[in-house]
Amino acid sequence: MSVERSERFYRERSLWLAGLPGAVTARASLGGDAAYDVAVVGAGFTGLWSAYYLKRSQPDLRVVVLEREIAGFGPSGRNGGWVSGGIAGSWRVYAERAGAGATLRAERATWDAVDEVGAVAAAEGIECGYRKAGTIAVATSGPQVARLTADVEMARSRGVGSADLRVLDPTEREGLVHVHGARYATYSPHCARIDPARMVRGLADACERLGVVIHEQTPVHQVSRGRLRCAGGTVSAAHVLVTTESYTVQQPGQRLRFLPLYSLMIATEPLPERIWEQLGWRDGLTIRDRRHLFFYAQRTTDDRIAIGGRGAPYRLNKPIDEACERNLQVRARLEATVRREFPAAADAVITHHWGGPLAVPRDWSMGVSYDRVTGMGWAAGYSGHGVVAANISGRTLADLVLGRDSDLVTLPWVGHRARNWEPEPLRYMASTAIVKMLASCDRYEDRTDRVARRQRLLAPVMPPV
Ligand SMILES: Cc1cc2nc3c(=O)[nH]c(=O)nc-3n(C[C@H](O)[C@H](O)[C@H](O)COP(=O)(O)OP(=O)(O)OC[C@H]3O[C@@H](n4cnc5c(N)ncnc54)[C@H](O)[C@@H]3O)c2cc1C
């Protein structure tokens, strides 16, 4: 049971949790039955943003957040710290549901949300190192150039202009960062860098200042209309919001709702200024490449490179488990990426390695839902792109609970729910095929500089394009 967890256990979950200032002690658990207006399950970004906006909009609402571990225990306290615009999911899925215009509006809402996260961090005094310097996608091979070119063409055809995504000429590119072997790059201004654990823990504090009650080390065992059976008591509430993302698959009847896919990261030791000068990496800029198993990286507030990628194997019997959080092969691949793309940092010591589970819906597209009759709502399925999406989900759930007809409640993911994944071992086979095939495509493309056509075989289990 989680009540035995030590501070060390929590800090070991990520670089960011390890670096939290002060003690990481759990808030009081639920100590008996209680009644609230709104009960939120899970204190990640989605749950906390929901509570935050509910309470900010209607201060007399009684709101409780029930968290099995501590606020930010999940990916919200472990992620790459990219507060990045762009829809979480497939454009096609949303456009088929709501039309291209609504999907472009959704894309713009994600850009605005990057600023909203920064504005709340500033207003609430959350020192999370928020810095908005945009994001660069770099191609180091012919196939990657082709994919980035196609990304820009696709964006243009959807109405995204050059102020929001553009190709960089080599001088501009080198002015932002020197990536070894870069042949081509695109830039979007819609991204900021944060320390996610400081952001999520700061948001929990901000919620409390507004009067939200947060119980940590309080697992919710059963969710039903108006009632949550927890360790320590039963909470009754007119509105129940389930914001447990990938962990939703641990709840009864929800096993196949998402594919819990792990994303893993490493961090270097803090690098001296002379290395940063050689890297030419503008502070706050986030960087990714366009491999199939792409990397995503940020320069941290304490001058490390924190870099992540996918490719961790899926465990059939226990797809969400501490044992999935570290993997020697993925770690070696990420280390090789640092050496190859950022040779000035090749000798840096790797001090941290961690990871967490993403919730991947069958169509890779998120959903936000609230039923006025039952008072039950949820938001999840961000497929690894949830920092901004969770902010939008939180505002949307608040509007839905409060019965407000805002623009947010008409965004294309509202009311969307993908079908379940196929039963095991098919889901296992799908995730294993994704990881193995994408890795093999990257090896082929690195070797030949030709596009790996075999990737098309994955189309039935990848995001619809
Ligand atoms: C390594 C990694 C890197 C990533 N990088 C990025 C990035 O740079 N940018 C980006 O946009 N996204 C990124 N993501 C994804 C992003 O972190 C998530 O999409 C987002 O944090 C999800 O937030 P959430 O609040 O919905 O879920 P979570 O953060 O998973 O929170 C859910 C909470 O529910 C709690 N819970 C679960 N079950 C119960 C229960 N029964 N009772 C009570 N509580 C329960 C959990 O303990 C957890 O705290 C990354 C993810 C990982 C793992």
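The values are calculated or read from the model by the stated rules, or taken from the named source; none is laboratory data. Predicted model, so just to flag it, every value in this text is computed and none were measured. Virtual Cβ from ideal backbone geometry, glycine too; neighbours counted across all protein chains shown.
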Out of curiosity, is Ala237 of a type in the set (Gly, Ala, Ser) and either over 28 Å from Ala146 (Cβ atoms) or not assigned by TED's automatic domain parsing to the domain that holds Glu172 (or both)? yes
Residues Arg56, Arg97, Arg108: which one is surrounded by fewer than 24 Cβ atoms within 10 Å (Cβ to Cβ), without any contact (Cβ under 8 Å) to a residue 40 or more places away in the chain and more than 15 Å from the ligand (Cβ to nearest atom)? Arg108
Kindly establish whether Ala418 is within 16 Å of the ligand (Cβ to nearest atom) and surrounded by 23 or more Cβ atoms within 10 Å (Cβ to Cβ). no
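Residues checked against (1) over 21 Å from the mean Cα position of the chain (by Cα); (2) part of a strand (DSSP E or B):
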| residue | (1), (2) |
| --- | --- |
| Trp16 | no, no |
| Gly31 | yes, no |
| Tyr36 | yes, yes |
| Ser50 | no, no |
| Glu107 | no, no |
| Glu116 | no, no |
Among the residues of region 322-336, the number that are within 15 Å of the ligand (Cβ to nearest atom), more than 15 Å from Leu259 (Cβ to Cβ) and touching a strand residue (DSSP E or B) at 6+ places or on another chain (Cβ under 9 Å) is 7
Run Arg147 past the list (1) surrounded by 15 or more Cβ atoms within 10 Å (Cβ to Cβ); (2) in the same structural domain as Phe295 (by TED's automatic domain parsing); (3) in a loop (DSSP other than H, G, I, E, B) and report the number of the one that doesn't hold. (3)
Right, Leu61: within 27 Å of Asp321 (Cβ to Cβ), of a type outside the set (Val, Ile, Thr) and crowded, with 17+ Cβ neighbours inside 10 Å or not? no
Would you say Ile434 is under 21 Å from the mean Cα position of the chain (by Cα) and more than 15 Å from the ligand (Cβ to nearest atom)? yes
Of the residues Asp302, Asp283, which is at pLDDT below 95 and more than 18 Å from the chain's Cα centre (by Cα)? Asp283
Look through region 337-347, keep the residues that are out of contact with any helix residue (DSSP H, G or I) (no Cβ under 7 Å at 6 or more places or on another chain) and either among the small types (Gly, Ala, Ser) or in contact (Cβ under 8 Å) with a residue 40 or more places away in the chain (or both), and return whichever of them is farthest from the ligand (Cβ to nearest atom). Pro343
Matching entry among Gly74, Gly81, Gly85 (being surrounded by 24 or more Cβ atoms within 10 Å (Cβ to Cβ) and at positive phi): Gly81
Region 60-83: number of residues that are within 6 Å of the ligand (Cβ to nearest atom) and either closer than 26 Å to Val401 by Cα or in a loop (DSSP other than H, G, I, E, B) (or both): 12
With within 17 Å of the chain's Cα centre (by Cα) and away from the ligand (no atom under 13 Å from the Cβ) as the only criterion, which of Arg227, Arg198, Arg209, Arg291 stands out? Arg198
Only one of these is within 12 Å of the ligand (Cβ to nearest atom), under 26 Å from Met462 (Cβ atoms), surrounded by fewer than 20 Cβ atoms within 10 Å (Cβ to Cβ) and touching a residue at least 12 places away in the same chain (Cβ under 8 Å): Gln298, Gln250, Gln254. Name it. Gln250
With respect to Ala43, determine if the residue is within 15 Å of the ligand (Cβ to nearest atom), surrounded by 22 or more Cβ atoms within 10 Å (Cβ to Cβ) and not polar (S, T, N, Q). yes
So in region 415-450, with the set limited to residues that are β-branched (Val, Ile, Thr) and at pLDDT below 95, which one is nearest to Gln329 (Cα to Cα)? Val435
How many residues does region 348-376 hold that are touching a His at 6+ places or on another chain (Cβ under 7 Å), within 22 Å of Tyr52 (Cβ to Cβ) and either away from the ligand (no atom under 12 Å from the Cβ) or without any contact (Cβ under 8 Å) to a residue 24 or more places away in the chain (or both)? 1
Only residues that are touching a Phe, Trp or Tyr at 6+ places or on another chain (Cβ under 8 Å), at negative phi and buried (at least 17 other Cβ atoms within 10 Å of the Cβ): list them for region 111-136, please. Val117, Gly118, Val120, Ala121, Thr135, Ile136
